[in-house]
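The values are calculated or read from the model by the stated rules, or taken from the named source; none is laboratory data. If you're wondering where the values come from, they're calculated on a predicted model, not measured in any experiment. With ideal geometry, Cβ positions are generated from the backbone for all residues, glycine too; neighbour counts draw on all protein chains shown. To get the accessible areas, we keep the full protein, side chains included, count just its heavy atoms, and leave off ligands, DNA and RNA. Shrake-Rupley method; radii C 1.70, N 1.55, O 1.52, S 1.80 Å.
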Amino acid sequence: MSFLGLPRVFGFAEVGERPALQPKCIWVTGLPGAGKTTLANALGQRLHKLGRLPCVLDGDLLRLGLCRDLGFSEADRIENIRRVAEVAKLMVDAGLTVMVALVSPFHAQRETARALFSDGEFIEVFVDTPLEVCEHRDPKGMYARARRGQLKDFTGINSRYEPPGHPEARVDTSVMSVEESVDRVLRCLT
Ligand SMILES: Nc1ncnc2c1ncn2[C@@H]1O[C@H](COP(=O)(O)OP(=O)(O)O)[C@@H](O)[C@H]1O
Ligand SMILES: [Mg+2]
């Protein structure tokens, strides 16, 4: 039965309520360029094949719409994380498995996000790619701009990133392939 007490209609009723198929919030945090979006999208594809209903909430895309009024000051970052967490909560309650790909640099706000969810429903994934690698990748040229002093409040250069203390999963995309990282996260879901 589904969370609404109705039979599931998406093809996985036969596997019942295995924990692996419960809705989750997979919160992917890390420096810009660490590989969050890549991991979240790859996870979404894999979860879809496993019969889940995945949805990716990507920080960059949300800043084009839901959060377009927010900048990168500390107060705005806090509000950004709060909004994304609230949306993720609504989606998980609707039965989806949500991947949040968001720098989300501050420990306190990630813990506030976690507190919205039931035990075991929130999976924090730390994309722990070294700063030097992220800066070398610099897919959007942001690190270079920050180093030139053209960008203030850029995480990793002139705005702090607080690493998770006890994430459910940690991946380093400088040494792990995308598929290895996906496998690592999936092990937390079973
Ligand atoms: N596991 C990986 N191995 C090698 N390169 C990766 C891996 N994951 C991401 N990348 C590369 O790193 C860059 C940044 O990835 P992206 O997912 O956009 O990072 P973020 O969303 O954290 O800013 C991209 O060029 C992407 O192709
Ligand atoms: Mg991204």
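Quick notes on this one:
- Integer Hz, Karplus 6.51/-1.76/1.60 couplings in order for region 110-118, x for Gly and Pro: 5, 5, 4, 4, 4, 5, 6, 9, 6
- Each principal axis of the Cα cloud of the chain was evaluated for its coordinate range; sorted largest first, these ranges are 57, 35, 28 Å.
- For the chain, share of DSSP beta bridges that run antiparallel, in % to the nearest 5: 0
- If the convex hull is drawn through the Cα atoms of region 75-184, its volume per residue in Å³: 119
- Proximal lysines relative to LYS49, as straight alpha-carbon distance under 18 Å, when same-chain residues fewer than 8 apart are discounted: LYS24
- Ordering CYS67, GLY30, ALA108 by the projection of their Cα atoms onto the charge dipole of the chain, which places +1 on the Cβ of Lys and Arg and -1 on the Cβ of Asp and Glu, puts CYS67 at the extreme positive end.
- Computed from backbone phi with θ = phi - 60° and the Karplus coefficients 6.51, -1.76 and 1.60, the 3J(HN,Hα) list for region 70-84 is 9, x, 10, 5, 4, 5, 5, 5, 4, 5, 4, 5, 4, 5, 5 Hz; x is used for glycine and proline.
- Take the chain with all the other protein chains still there, run a 1.4 Å probe, and you get 51 Å² of accessible area per residue.
- Of the accessible area of the chain, computed with a 1.4 Å probe over protein heavy atoms only, carbon and sulfur atoms account for 57 percent.
- Site pair LEU50 and ASP138 shows an inter-label distance of 3.7 nm when each label is modelled 7 Å from Cα along Cα→Cβ.
- In the chain, helical runs assigned H by DSSP with n ≥ 4 each contribute -39500 (n - 2.57); averaged across all residues and rounded to the nearest 500, the mean residue ellipticity at 222 nm is -11000 deg cm²/dmol.
- Most mobile listed residue (PRO54, PRO130, PRO164) in the chain, GNM with C-alpha springs under 10 Å: PRO130
- Note on ASN158 and ALA108: their simple-model spin labels are 2.4 nm apart, each label 7 Å out from Cα toward Cβ.
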